[in-house]
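Chemist: One structure follows; several queries about it will come next.
The values are calculated or read from the model by the stated rules, or taken from the named source; none is laboratory data. Given the structure is predicted, the values throughout are model-derived calculations rather than measurements. In this analysis, Cβ positions are derived from the backbone assuming ideal geometry, glycine residues included, and neighbour counts consider all displayed protein chains. To get the accessible areas, we keep the full protein, side chains included, count just its heavy atoms, and leave off ligands, DNA and RNA. Shrake-Rupley method; radii C 1.70, N 1.55, O 1.52, S 1.80 Å.
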Amino acid sequence: MRLEQLQAFLAIAETGSFQQAARKCGVTQSTISRQIQALEADLGLELFHRTTHAKLTLGGERLLPRVRKICQEWQTATEELTDLIAGKQPELCIAAIHSMCGSYLPPVLQQFCRDYPEVQLRVTSLGSDRALKVLKDGLVDLAIVMNNRFLTTGREMVVEVLYEEPIEVLTSAKHPLAQYEYIPWSELIRYPQVVFKDGYGMQRLIQDRFERLEATLQAALEVNTLDAFRGVVRQGELIALLPHSALMEARLDPTLAVRPLACNSNSNLSDNSSLTRRVVMVTTGDRLQIPPINHFWQLVRQNIPPQINQQRSAS
């Protein structure tokens, strides 16, 4: 049983004529006849009385509402796919890490809304692991995350490296570490920290660095928003290691201090303590063929990041 057979059956039922049905379907009358004969052979019963007018048999009458529903569903599906290819999708869903949502992403979102006013843009702030999971589950169209090669290596995945940024130290303005222009690892590891919860790329990055230093990470508190980091660190006792883009508001707060990490010649690290994270944009190859998704992808490529080095020198 094929779709064109069902479409032929529906056309005959609606027109009452094999000849008119053939004209409606854009085929010859002999083709319509063969399609109905094959359908009747599959079903094991006749669907039409062969008279002057093609009249439905009892079996044909029972089949008609089902076939009409199937053909309507198929027409709706093809129309939706045509709209999708043409870029007429109702919404675009993005998952992005917190620092991206609060720093570099807003101008891109604004530009996309101007370019595609008919597409509703939905942005969810998530940790990297969670963002990649909802992307793989088809719940979002694109993710901007901290790179995790174990979650982005699928053949269907398309990964664009956006930038690499330094990890810096957030303290209260009165904390002992605030006196340093560059904070050495030997001093930093002495103090308890507020850290991201499990499932965040930053949590793994920092834990891995402490293990390589053969030091113990004193994780006194776990949070998952930048406001919470600033609020806790402002109290004076805890410090935090955060990426450059997450510290823009903290730089403007006189109760907080942001300091870069210094090289520690006593560490056994080959890079002498430089600590950075790589931010990537991820989607799937089939999604990049959809005009609104591809347009958003290109906007991000063209506008993110701004010049980090210039920002650092100006801050």
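Chemist: When both residues are 6+ apart or on different chains and their Cβ atoms are under 7 Å apart, which pairs have a first residue that lies in segment 29-42 and is more than 15 Å from Ala13 (Cα to Cα) and touching a residue at least 24 places away in the same chain (Cβ under 8 Å), and a second that is of a type in the set (A, V, I, L, M, F, W, C) and not in a helix (DSSP H, G or I)?
Modeler: What qualifies is Asp42/Met1.
Chemist: Okay, moving on. State whether the residues of segment 38-56 include one that is under 30 Å from Ala246 (Cβ atoms) and not aliphatic (A, V, I, L, M).
Modeler: There is no residue in segment 38-56 that is under 30 Å from Ala246 (Cβ atoms) and not aliphatic (A, V, I, L, M).
Chemist: Show the residue pairs meeting these rules: Cβ distance below 9 Å; 6+ apart or different chains; first residue within segment 127-155 and closer than 11 Å to Ile94 by Cα and charged (D, E, K, R); second residue open to solvent by 30 Å² or more (accessible area, probe 1.4 Å) and in a helix (DSSP H, G or I).
Modeler: Pairs found: Asp141/Arg287.
Chemist: Report, by residue number, each residue of segment 78-91 that is open to solvent by 60 Å² or more (accessible area, probe 1.4 Å) and either assigned to a strand (DSSP E or B) or touching an Asp or Glu at 6+ places or on another chain (Cβ under 9 Å) (or both).
Modeler: If the condition is that a residue be open to solvent by 60 Å² or more (accessible area, probe 1.4 Å) and either assigned to a strand (DSSP E or B) or touching an Asp or Glu at 6+ places or on another chain (Cβ under 9 Å) (or both), then Lys88, Pro90, Glu91 are the ones that fit.
Chemist: From Leu142, Leu213, Leu188, which residue is under 32 Å from the mean Cα position of the chain (by Cα) and not charged (D, E, K, R)? Outline the logic, then answer.
Modeler: Values: Leu213 fails: under 32 Å from the mean Cα position of the chain (by Cα); Leu188 fails: under 32 Å from the mean Cα position of the chain (by Cα).
Within the list Leu142, Leu213, Leu188, the selection yields Leu142.
Chemist: What is the number of the single condition among (1) without any contact (Cβ under 8 Å) to a residue 60 or more places away in the chain; (2) more than 28 Å from Lys133 (Cα to Cα) that Glu222 does not meet?
Modeler: With (1) without any contact (Cβ under 8 Å) to a residue 60 or more places away in the chain; (2) more than 28 Å from Lys133 (Cα to Cα) applied to Glu222, the lone miss is (2).
Chemist: Please specify each residue of segment 1-31 satisfying the condition of being farther than 21 Å from Gln75 by Cα and in contact with a strand residue (DSSP E or B) (Cβ under 8 Å, 6 or more places away or on another chain). Don't jump to the end; show me each part of the working.
Modeler: Residues of segment 1-31 that are farther than 21 Å from Gln75 by Cα, as a first pass: 16-19, 28-31.
Residues satisfying the conditions are Gly16, Ser17, Phe18.
Chemist: Please identify the pairs in which a residue from segment 1-25 that is basic (Lys, Arg) has its Cβ atom under 6 Å from the Cβ atom of a residue that is surrounded by 16 or more Cβ atoms within 10 Å (Cβ to Cβ), counting only partners at least 6 apart or on another chain.
Modeler: Taking only residues 6 or more apart or on different chains, the pairs are Lys24/Ala11.
Chemist: Those residues that are free of Cβ contacts under 8 Å to residues at least 40 places away in the same chain and either out of contact with any strand residue (DSSP E or B) (no Cβ under 7 Å at 6 or more places or on another chain) or buried (at least 21 other Cβ atoms within 10 Å of the Cβ) (or both), I need them from segment 92-126; list them, please.
Modeler: Pro106, Gln110, Arg114, Pro117, Glu118, Leu126
Chemist: Let me ask something else. In this structure, does Leu135 turn out to be within 28 Å of Val223 (Cβ to Cβ) and modelled with pLDDT of 95 or more?
Modeler: Answer is no for this residue.
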